[in-house]
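Here is the structure we will look at.
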Amino acid sequence: MAMFGSSHKETPKNQDIDKISNASTNIGKGATLQGNIDTFGNVRVDGKLIGDIRSKSKVATGNASLVEGSITAQNAEIEGEVKGSLEIAELLVLKSTAVVNGDIITAKMVVEAGAIFNGRCQMGDINQIKKMMNELKENKTENNSPTPKTENIKEETTPTNSVFSDLKI
C-alpha cells in the first residue's frame with residue numbers, strides 16, 4: 001500500500017513537467033508564423049517568425065531564417081537573421097551566417113568570423129546587468145534635470161519585461 005502513497009500522486013506531475021520541458025517547437029523552412037512563442041522546451045526556426053520567442057531552454061535559427069522580434073532563452077545558436085533584442089542567460093553562439101540587428105544581453109558569447117552584429121552588447125551575470133540597468137533608469141527618473149542633447153548622444157532605453165525574473169539559473 002505504501003507504493004500508492006503520496007509519492008505516487010507526485011509522479012504524474014513530474015512526468016508532465018518532463019514532457020513539457022522536453023517538448024520542441026519547429027518552424028519549418030518556407031513557413032511564416034505571426035505571433036509569440038512562450039515555451040519551456042527548445043525552439044528551432046528555419047522559416048520566418050514575426051513575434052517574440054521566450055524559451056527556458058535553447059533557441060536555434062537556421063541560416064535562411066528570419067525572426068522579427070526579441071529572443072529570450074537559456075541558450076541560443078543563431079545562423080539566420082534576427083531583427084530584435086536577444087536576452088540569453090547562458091551561452092549565445094552567432095554562427096558565420098548570422099545577422100543580428102538589435103541589442104544583446106548574455107552571460108557568454110561566441111561569434112564566428114563572418115557574423116554581423118549591429119547593436120549594443122552587455123555580457124556578464126544577467127541578473128546583475130538587469131539590476132544595474134534598473135538602477136540607472138531610476139537615477140535618470142529621480143534626476144529630472146534636462147540632459148544636454150547633441151547629435152552624438154543617444155538616450156538608452158531598457159526593456160522592463162523579462163522571462164528571467166522567474167528563471168532559476
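So what's the range 52-121 giving for Cα Rg divided by 2.2 N^0.38 Å, two decimals?
My calculation over the Cα atoms of the range 52-121 gives 0.92.
Where does the charge balance sit around Ser96 when Lys and Arg score +1, Asp and Glu -1, over other residues with C-beta under 15 Å from its C-beta?
Values: positive: Lys95; negative: Glu77, Glu79, Glu81, Glu112.
Net of charged neighbours comes to -3.
Just to be sure I follow: if Rg is taken over the C-alpha atoms of the range 21-141 and Rh is the Kirkwood radius over the same atoms, what is Rg/Rh? Provide the component values of the computation, followed by the final result.
Values: Rg = 14.2 Å, Rh = 14.4 Å.
Answer for the range 21-141: 0.99.
With r as the distance between the Cβ atoms of Lys131 and Val110 and R0 = 30 Å, compute the FRET efficiency 1/(1 + (r/R0)^6) and round to 0.05.
On the way: r = 25 Å, r/R0 = 0.84.
FRET efficiency, Val110 to Lys131: 0.75.
For the range 87-137, what's the relative contact order in percent, using C-alpha pairs closer than 8 Å and at least 6 residues apart?
Averaging sequence separation for qualifying contacts and normalising by length gives 34 percent for the range 87-137.
Going down the list Lys58/Lys131; Lys29/Lys137; Lys29/Lys130; Lys95/Lys140; Lys29/Lys56; Lys29/Lys108, which pairs span over 32 Å between their C-alpha atoms?
Details: Lys58/Lys131 24 Å; Lys29/Lys137 40 Å; Lys29/Lys130 35 Å; Lys95/Lys140 37 Å; Lys29/Lys56 23 Å; Lys29/Lys108 29 Å.
Over 32 Å Cα-Cα: Lys29/Lys137; Lys29/Lys130; Lys95/Lys140.
All of the numbers you see were taken from the coordinates with simple rules; none came from a lab. A quick note: this is a predicted structure, and the numbers were derived from the prediction, not measured. With ideal geometry, Cβ positions are generated from the backbone for all residues, glycine too; neighbour counts draw on all protein chains shown.
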